[in-house]
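S.K.: Here it is, the structure, as structure tokens.
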Amino acid sequence: MAEIGKDIDKAKAILEKGGLVAIPTETVYGLAGNALNQDAVAKIFAVKSRPSFDPLILHTSDLERIHEFVSDIPEPLEKLALAFWPGPLTLLLPKKSVVPDLVTSGLDTVAVRVPDHPLTQSLLSALSFPLAAPSANPFGYISPTRASHVNDQLGEKIEYILDGGNCQVGLESTIVGMEDNQVMVYRLGGLDIGAIESIVGKVQVMAHSSSDPKSPGMLKSHYAPKKPFVLGDLEKLVPVYQKRGQKFALLSFRSAYPQLSVDYQVQLSPLGDLTEAAKKLFAAMRALDSLDVSVILSEQVPDVGLGKAINDRLRRAAAQEKEE
Ligand code: AMP
Ligand code: MG
């Protein structure tokens, strides 16, 4: 198992010798390595069993340092960076050659983000290089939102987990770029579209299911538990599975189901708060996935604001085809 702690100097020393450290962010925990060191980046892909066509996000301490790695920041994207960094926003920008092709899977754009977490901010400020940091989970599985999630699955493969507590947003970043002078959203995430549109006006959303290998975060099945995950109207699904005598667990937005033991159900937010639901989503999916049930039944949340990103993750969890 990995060592878990809050020692920034230790994390820095491991990263400086080309090793990997799991780091906390406000979105999910990342598996970090020196983005400018090919061997460290190759290790990230190996530890996650991530296919090399799935590009990584480059993390820095502030907007200023991004200029070392990108050749241009179009004005609308710069406005977004000024408004929302540090925060759950990733920008796709034209890359400079200093960024290894391995990081971007050979694409001429690089995904960049300034994460909002005090420990990781201090670490990034202390380092002379940016960190490549995809979510710290095996490829295709639910992203980790606390240190123990990382340890459960990757503990044997990494030296150190920087423990920053529970992730405050709990969903991956919203990925935004430009296409034909139009701001485009490629992945729904922790920054909701309304906030983005308040700065740059109406945007296009391309974040639908796709088999485009350039953007695996958009593939149909991702963020998925190991157990079958069925999405629908719980009032209808529950009696069907009860009649079949199949053992199931329930993931609901607000309502508790008194006919089922409390150990087998999670309400994401009894008060109906989408921010709370986002924060709890992945931990709830993991907890239900570890129960002795044969299926997890779930409902969607209201499709507004952050609810759109939550529903996106629920639909991908329920999709049949796995990415691998
Ligand atoms: P993760 O770090 O695991 O949350 O996911 C990173 C995701 O960002 C990838 O799966 C892609 O969908 C997206 N991404 C990263 N870099 C690029 C890029 N250069 N062009 C398009 N999408 C990218
Ligand atoms: Mg991921």
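The values are calculated or read from the model by the stated rules, or taken from the named source; none is laboratory data. Bear in mind the structure is a predicted one, so any value in this text is a computation, not a measurement. No Cβ is skipped: glycine too gets one built from the backbone with ideal geometry, and neighbour counts run over all protein chains shown. Note: areas computed on protein heavy atoms with side chains; ligands, DNA, RNA excluded. Shrake-Rupley method; radii C 1.70, N 1.55, O 1.52, S 1.80 Å.
S.K.: Among the candidates LEU58, LEU80, which residue alone is touching a residue at least 60 places away in the same chain (Cβ under 8 Å) and under 18 Å from the mean Cα position of the chain (by Cα)? Talk me through it step by step, then tell me what you get.
M.R.: Details: LEU80 fails: under 18 Å from the mean Cα position of the chain (by Cα).
Going through LEU58, LEU80 in turn, just one is touching a residue at least 60 places away in the same chain (Cβ under 8 Å) and under 18 Å from the mean Cα position of the chain (by Cα): LEU58.
S.K.: In region 129-157, how many are among the small types (Gly, Ala, Ser), within 19 Å of ASP7 (Cα to Cα) and surrounded by fewer than 24 Cβ atoms within 10 Å (Cβ to Cβ)? Break it down into steps so the answer makes sense when it comes.
M.R.: As a first pass, look at region 129-157 and keep what is among the small types (Gly, Ala, Ser): 132-133, 135-136, 140, 143, 147-148, 155.
Cutting the leftovers down to within 19 Å of ASP7 (Cα to Cα) gives us 133, 136, 147-148, 155.
Cutting the leftovers down to surrounded by fewer than 24 Cβ atoms within 10 Å (Cβ to Cβ) gives us 147-148, 155.
Count: 3.
S.K.: If you take the residues of region 92-119 that are of a type in the set (Ser, Thr, Tyr) and within 14 Å of ligand 1 (Cβ to nearest atom), which of them is nearest to GLU78 (Cα to Cα)? So that I can check it myself, show each step before the final result.
M.R.: Taking region 92-119 as the starting set, the residues that turn out to be of a type in the set (Ser, Thr, Tyr) are 97, 104-105, 109.
Among the residues that remain, those that are also within 14 Å of ligand 1 (Cβ to nearest atom) are: 104-105, 109.
Details: THR104: 21, SER105: 24, THR109: 15 Å.
Result: THR109.
S.K.: Turning to a different aspect of this structure: Suppose the filter is away from ligand 2 (no atom under 16 Å from the Cβ), of a type in the set (D, E, K, R) and closer than 30 Å to ALA287 by Cα; does GLU156 pass it? Walk me through how you get there before you give the answer.
M.R.: Details: away from ligand 2 (no atom under 16 Å from the Cβ): yes; of a type in the set (D, E, K, R): yes; closer than 30 Å to ALA287 by Cα: yes.
Criteria met by GLU156.
S.K.: Further question on the same structure: Please go through region 101-126 and pick out each residue that is within 27 Å of PHE53 (Cβ to Cβ) and not β-branched (Val, Ile, Thr). Please lay out each step first, then the result.
M.R.: Step one: filter region 101-126 for residues within 27 Å of PHE53 (Cβ to Cβ), giving 101-115, 120, 124.
Selection gives ASP101, LEU102, SER105, GLY106, LEU107, ASP108, ALA111, ARG113, PRO115, LEU124.
S.K.: Sticking with this one: Going through region 101-113 one residue at a time, which ones are out of contact with any strand residue (DSSP E or B) (no Cβ under 7 Å at 6 or more places or on another chain), free of Cβ contacts under 8 Å to residues at least 60 places away in the same chain and either part of a loop (DSSP other than H, G, I, E, B) or open to solvent by less than 50 Å² (accessible area, probe 1.4 Å) (or both)?
M.R.: Keep residues of region 101-113 that are out of contact with any strand residue (DSSP E or B) (no Cβ under 7 Å at 6 or more places or on another chain), which gives 101-102, 105-107.
Those left that are additionally free of Cβ contacts under 8 Å to residues at least 60 places away in the same chain: 101, 106.
Within region 101-113, just GLY106 meets the criteria.
S.K.: Going by what's in this entry, would ALA126 be described as surrounded by fewer than 24 Cβ atoms within 10 Å (Cβ to Cβ), closer than 26 Å to ALA309 by Cβ and more than 11 Å from ligand 1 (Cβ to nearest atom)?
M.R.: On the way: surrounded by fewer than 24 Cβ atoms within 10 Å (Cβ to Cβ): yes; closer than 26 Å to ALA309 by Cβ: no; more than 11 Å from ligand 1 (Cβ to nearest atom): yes.
Answer is no for this residue.
S.K.: Given the structure, is PRO130 touching a Lys or Arg at 6+ places or on another chain (Cβ under 8 Å) and at pLDDT below 95? I'd like the intermediate steps shown before the answer.
M.R.: On the way: touching a Lys or Arg at 6+ places or on another chain (Cβ under 8 Å): yes; at pLDDT below 95: no.
Taking the combined requirement at face value, the residue does not satisfy it.
S.K.: Moving on to the next point. When residues of region 129-157 are filtered for being over 19 Å from ASP54 (Cβ atoms) and either part of a loop (DSSP other than H, G, I, E, B) or within 13 Å of ligand 1 (Cβ to nearest atom) (or both), how many remain?
M.R.: Of region 129-157, the ones over 19 Å from ASP54 (Cβ atoms) are 129, 145-149, 151-152, 155-156.
Next, from what is left, pick out any that are either part of a loop (DSSP other than H, G, I, E, B) or within 13 Å of ligand 1 (Cβ to nearest atom) (or both): 129, 145-146, 155-156.
Here the count works out to 5.
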